[in-house]
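Asks: Dropping a structure here in structure tokens format, bear with me for questions.
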Amino acid sequence: MLESFAGCGRRLIAPVVMAAAVGLSPPAHSESTIVGQDGRIQLGGFSLMAYNPRTGELSDLGRIPTSRQSFTMIAAEGQLFFIGGRAYHGEKATFGELTTVDAYRPGQGWIEKQDMPSPGAGLMAEAVDGKVYVVAHRDSQFRVYDIEEDSWTTLSERMGGGGRAISCGVVDGRMLFLYSNPGGTEVRAFDPATGEWTTGPKMRGLRPLVADAVSGRAYVIQADQDNAQLLVYSPDEETWTVLANVPGELRHGAVLNPGGAFLAGDTATGALYAMSIDTTDLHLVLWRYALGGDPAGAAGEAGWAKAADFNGLMHCWAMCALDGRIYLVAEKRRTPPTDASQAAVCAAPEVTPESLAGIDDSVRKTLFAYVATVGQNEEIYISTLDNSWTKRLTRSEEQDSSPAWSFDGKKVAFVRSADIYTIRIDESGLKRLTADEHHNADGSPTWSPDGKSIAFTSRGGWSEDHKNWEIYRINVDGSGLMRLTYSDRNNVDPLWSPDGTMIAFRSMGPPTVVDPRTGHHVDPETGHRPSTRLYSMWEDGTGLIELADNIAYGPFLWSPDSSKMAYVIGEGESKGLYVVSADAASTSKIAANTYGIPAWSPDSRQIAFASYDRTGMQIRTANSDGSGSKAITTAGRILEAPVQWLPDGTIVLVGRTYIGAVNADGTGATKLRDFPKRLSHPIVFSPVSEAAE
């Protein structure tokens, strides 16, 4: 049981915890894209803003000094601290994560602080007695920052326990965490003075989304897809009490925010503040819940009210309270261009045929597949670039994912609950190719160009010696199952070459264990992170060739003529975009810093990719040997990556909330369509551009 958590009378300003990490790649936003005077794409950056609830004034404090995402922002000792995260351009990054710590003191500006002893992203942090305690889910170890000494130490105590945790603030000098598991949500408290953990009562019901502590109590918003409630935890009584329902507009808008949901408690104004997105034009909305009085609160949704509409801001990435002001890191919305020929780029989310007047029909009618959540399930949809035609392709109570087009564009293979299925794009001909009675897990389907076979990755069940991931192939009628790889490594992500003769795949291994110090998967004999190699083989499994080493989880793709392979090394000193010949005889480095999936030109002579440096991000093209590299968009916080180079010379760009296009010479930058929310899976284009029936 928890001992007394009575408030100590001092001011408690706890950090806001990001509900989910954003991921390695920079997030994509449709509304941030504008076209400059030269007709090329430009985007805005992340700025620190301060909102005064008493006066309604919003102040722009300038861009944050380190380009990062998935960072932690916490208020302590009159300062704001920005800790860790993932870098866009690799500055001070280790495996994509940062050790960098910056601080902002109101009235004085930015101060560079001592780096963390080890990198981290998506961290939880709390401040107690002049120290900031930072902990990561993966290693459960506390890194401790002494604000006065500007130094870091590491505690031997770990979080421990099962379930996923979110930070819940500081009460009476103890840090509260909420652990979620199937049995409910449990309160656990850590006392940094003694190093002891204590446990409180479980909170049953919905999943906790965000939490914070203020005036000796902890407040939690718990939610599912349909409902949300604000609860208060009183440590003295060790009870949970529902204060109010959360308005649907706030619940829905908070979930749509790419940076996660945020809750900040402020003693100075006696209120809780939550951030959401207005779903009509995607601007930020700040909500306020007044505290005080009976902890049972008001009935229904009473107590919640909109505090401010930030029409000039979109997408919040961090938020917390300090000295009666709400600080947030957000992206500023740029002023739309006045030139009518450029207006389509900043069009409203509802895309009209008129906004696509200058786009070739082959672009407008290109089909793609994507995964969307329907209720509790993931389903596969296919749609056109101009949003004129959309079809829900799968309908199941199970999870559908990993869509893969046949080369003729008439069928889609996909994964349903660890088995491989195929279906025609008119929804007919659903066929199950693999069955779980073999106790296997199958994934990553890829079609042969003739449409007769599918290669996939599988683990366990197909043979007695099969304990790791291996590559198999099977005929589309379910016959002719053939195992193609045999090794002690994990062989995954097969990709059939366009000429049908070769299959490339990623090979990870040997089998690993988790290093308790770092949380990394390592070779149990050497203690080093295992290498990830890129191989190709003939379509019957013979003729194995190593194309590249240490490619990590970066994408790879065949050139249209099957003579070359482009691949990305996403980590370490060698990171960048490379092209290797199909026989592994020659390798060319195309660019040092890239992100996302590159795109081959139809003639296999060039490649388009997203590149970044200290000036920002841009789309570039280069010859397949690395020569002739040139930018086709201006430097800025470019948030798209090319995924398709169409025969007419148009390069399709895909972000997580929209699709755009630009000509190969840099002209004609246009937004084609929006999505109602950020996609959780990459979209996949059909190899054939044809009008939907």
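Asks: Averaged over all directions, how much area does the convex hull of the C-alpha atoms of segment 377-420 cover when projected, in nm²? Don't jump to the answer; show the numbers that get you there.
Replies: Values: hull surface 13.8 nm².
One quarter of the hull surface, i.e. the mean projection, equals 3.4 nm².
Asks: Using r as the Cβ-Cβ distance of MET482 and SER47, and R0 as 45 Å, what FRET efficiency do you calculate, to the nearest 0.05?
Replies: Values: r = 56 Å, r/R0 = 1.24.
The pair MET482/SER47 has a calculated efficiency of 0.20.
Asks: Taking a probe of 1.4 angstrom, what is the accessible area of ASP625 in Å², to the nearest 10?
Replies: Number for this one is 100 Å².
Asks: Now a separate question. Rounded to the nearest 0.05, what FRET efficiency do ILE111 and ALA305 give with R0 = 41 Å and r taken as the Cβ-Cβ distance? Could you check?
Replies: Taking R0 as 41 Å, the efficiency between ILE111 and ALA305 is 0.70.
Asks: I've got another one for you. Taking the Cα-to-Cβ direction at LEU544 and at GLU57 and moving 7 Å from each Cα, how far apart do the two end points lie in nm?
Replies: For the pair LEU544/GLU57, the computed spacing is 6.9 nm.
Asks: Counting other Cβ atoms within 10 Å of each Cβ, which GluC sites (Glu not before Pro) in segment 534-606 have at most 11 and sit in a DSSP loop? Write out the running numbers ahead of the final one.
Replies: Working: sites: GLU539, GLU546, GLU571, GLU573; in loops: GLU539, GLU571, GLU573.
In loop regions of segment 534-606 (DSSP not H, G, I, E or B), the sparsely surrounded GluC sites (Glu not before Pro) are GLU573.
Asks: Longer than 19 Å from Cα to Cα, which of LYS564/LYS630; LYS391/LYS671; LYS411/LYS452; LYS410/LYS452; LYS410/LYS431; LYS564/LYS589 are they? Say none if no pair is. It would help to have the intermediate numbers written out before the result.
Replies: Numbers: LYS564/LYS630 21 Å; LYS391/LYS671 21 Å; LYS411/LYS452 11 Å; LYS410/LYS452 13 Å; LYS410/LYS431 14 Å; LYS564/LYS589 13 Å.
Those over the limit are LYS564/LYS630; LYS391/LYS671.
Asks: Report ³J(HN,Hα) in whole Hz for each residue of segment 373-384, in order, from the Karplus equation J = 6.51 cos²θ - 1.76 cosθ + 1.60 where θ = phi - 60°; Gly and Pro get x.
Replies: With coefficients 6.51, -1.76 and 1.60, one gets 8, 10, x, 9, 10, 9, 10, 9, 10, 10, 7, 9 Hz.
Asks: Taking the mean number of other Cβ atoms within 10 Å as a proxy for protection, how do you rank 406-417, 212-223, 303-314, 473-484 from highest to lowest?
Replies: On the way: 406-417: 19.5, 212-223: 23.9, 303-314: 17.5, 473-484: 15.0.
Ranked from most to least packed, the peptides come out as 212-223, 406-417, 303-314, 473-484.
Asks: Amide H neighbours of TRP317 under 5 Å, at least 5 residues apart or on other chains, H built in the peptide plane: list them.
Replies: Those qualifying (amide H under 5 Å, at least 5 residues apart or on another chain) are VAL329, ALA330.
Asks: Want the number for VAL242 to SER627: 0.36 nm per residue separation, take away the alpha-carbon distance, what's left? Mind showing how you got there, number by number?
Replies: On the way: separation 385, 0.36 × 385 = 138.60 nm, distance 6.31 nm.
Length difference between fully extended and current span is 132.3 nm.
Asks: Extension gain LYS589-THR194, at 0.36 nm per residue separation less the Cα-Cα distance, in nm? If you can, show how the numbers build up before the last one.
Replies: On the way: separation 395, 0.36 × 395 = 142.20 nm, distance 5.34 nm.
Value of the extension gain: 136.9 nm.
Asks: If you count only protein heavy atoms and use a 1.4 Å probe, how large is the accessible surface of VAL242, to the nearest 10 Å²?
Replies: 70 Å²
Asks: Further, regarding this structure: For TRP287, TRP240, give the ranking by accessible area with the largest first, probe 1.4 Å. Spell out each step's value before the answer.
Replies: On the way: TRP287 15, TRP240 50 Å².
Most to least solvent-accessible, the answer reads TRP240, TRP287.
The values are calculated or read from the model by the stated rules, or taken from the named source; none is laboratory data. The shown structure was predicted, so the numbers you read here are calculated from the model rather than taken from an experiment. Glycine gets a Cβ as well: all are built from the backbone with ideal geometry, and neighbour counts include every protein chain shown. SASA here: full protein model, heavy atoms, side chains in, ligands and nucleic acids out. Shrake-Rupley method; radii C 1.70, N 1.55, O 1.52, S 1.80 Å.
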